[in-house]
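I have placed the structure first, in the form of structure tokens, so that the comments after it can refer back to it.
The values are calculated or read from the model by the stated rules, or taken from the named source; none is laboratory data. Quick caveat: nothing in here was measured; it's all calculated off a predicted structure. Glycine gets a Cβ as well: all are built from the backbone with ideal geometry, and neighbour counts include every protein chain shown.
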Amino acid sequence: MLIVHVFVHVKPECIEAFREASAENARNSVLEPGIARFDVIQQADDPSRFVLVEVYRTAEAPAAHKETAHYARWRDAVAEMMAEPRYSVKYASVFPPDSGW
């Protein structure tokens, strides 16, 4: 399993549009065979900050995800909503024991 956290800071006037675009992307992403989980979470004390929690079944799944039409729509839709460039951090699963660690 590969877990990716994508950190996003959105312009305040774009919060609702970002939520909608990201929810649509997540709804489609969880249907991909290589994705085990795809969460969109919003920071409680700063609603302009989000984290996309993407859990992939294989190392190849993120590249396949980036080839989908729904990802391209999301990427293009949210490009101008960013207050600063988004960035990601990759993690390996430690628990549960069958996570491959």
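Things to note:
- When segment 1-13 is filtered for residues that are part of a helix (DSSP H, G or I) and either farther than 18 Å from Glu84 by Cα or in contact (Cβ under 8 Å) with a residue 12 or more places away in the chain (or both), only Pro12 remains.
- Conditions (1) of a type outside the set (A, V, I, L, M); (2) touching a strand residue (DSSP E or B) at 6+ places or on another chain (Cβ under 6 Å); (3) within 16 Å of Val4 (Cα to Cα): number failed by Glu84: (3)
- Scanning segment 27-64 for residues that are under 20 Å from Pro85 (Cα atoms) and assigned to a helix (DSSP H, G or I) turns up Pro62, Ala63.
- The listed residue being assigned to a helix (DSSP H, G or I), at pLDDT 95 or above and within 30 Å of Phe95 (Cα to Cα), out of Glu24, Glu16, Glu67, Glu80: Glu24
- Of all residues in segment 1-29 being surrounded by fewer than 13 Cβ atoms within 10 Å (Cβ to Cβ) and within 12 Å of the chain's Cα centre (by Cα), the one that is nearest to Ala69 (Cα to Cα): Arg27
- Members of segment 48-80 found to be within 14 Å of Glu24 (Cβ to Cβ), of a type outside the set (Phe, Trp, Tyr) and in contact with a helix residue (DSSP H, G or I) (Cβ under 9 Å, 6 or more places away or on another chain), listed by number: Leu52, Thr68, Ala69, His70, Arg73, Arg75, Ala77, Val78
- Leading residue by the ranking (surrounded by the most Cβ atoms within 10 Å (Cβ to Cβ)) among those in segment 59-84 that are touching a residue at least 12 places away in the same chain (Cβ under 8 Å) and more than 19 Å from Ala23 (Cβ to Cβ): Ala61
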